[in-house]
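Single-structure report; data block below.
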Amino acid sequence: MTDTPEGNGSKDNYQVGYGKPPKESQFKPGQTGNPKGKPPGAKNLKTELLEELQEVIPVKEGGVRRKISKQRAMLKSLTAKAVQGDPRSASILINLVFRLLHPEADAETDIDLSAEDLEILKRFEDRIRKNSKTKESKNDDG
C-alpha cells in the first residue's frame, strides 16, 4: 500500500497534517478541550438581571401591603418622582415611553403642535423649573 493523502480508509494510511492531528493526541469520545470551561446551566448577565427584576418584594401602597416585582416598584418610584416635578425622572420616563411604546417614532421628526399644546408644554416646563429652583434653594439653606 502507498501513503497517499487521499488514503483508502485504512488506518495505516492516516496522514498527519493541517487539521489532522496524530490519532493518539486527539480527544477521546466524551472528552472536552476545555474541562474548566463554562459549567452547564450557568447564566449570563442578561438572564441574571431579568430574574432579579422579576423577583417579588413586599410594598406598602395606599396603606395596603402588596407584593410586586422589583421592576414594577422601580417604575412606580420613577413615575411618582416625575409627577412631583423631578425633571430628570420625567425625562427618563418620557424616553422610556417613546422608546418602548412608540419604536417607529423618529426622534428627528418635527410634530406640528397647536397653540394650546405649546401653552401646556410651556406651563409644564415653567412648573419643573420652579420646582427645581425651590429644591436648589432649600439645599443651599440646609
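The values are calculated or read from the model by the stated rules, or taken from the named source; none is laboratory data. Note that the coordinates shown come from a computational prediction; the quantities given were computed from them, not determined experimentally. No Cβ is skipped: glycine too gets one built from the backbone with ideal geometry, and neighbour counts run over all protein chains shown.
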Checking the structure you have, find out if any residue of the range 64-71 is surrounded by 10 or more Cβ atoms within 10 Å (Cβ to Cβ) and either part of a loop (DSSP other than H, G, I, E, B) or touching a residue at least 60 places away in the same chain (Cβ under 8 Å) (or both). no
Pairs with Cβ under 6 Å, 6+ apart, first in the range 35-58 and free of Cβ contacts under 8 Å to residues at least 60 places away in the same chain, second part of a helix (DSSP H, G or I) and surrounded by 10 or more Cβ atoms within 10 Å (Cβ to Cβ): L53/K70; L53/Q71; E55/K70; I57/K70
Can you spot a residue in the range 77-84 that is among the small types (G, A, S), surrounded by fewer than 10 Cβ atoms within 10 Å (Cβ to Cβ), out of contact with any helix residue (DSSP H, G or I) (no Cβ under 6 Å at 6 or more places or on another chain) and under 28 Å from I128 (Cβ atoms)? no
Give me the pairs, please: first residue somewhere in the range 87-104 and exposed (fewer than 11 other Cβ atoms within 10 Å of the Cβ), second residue anywhere and among the aromatic types (F, W, Y) and modelled with pLDDT of 90 or more, beta-carbon distance under 7 Å, and either six or more positions apart or on two chains. none
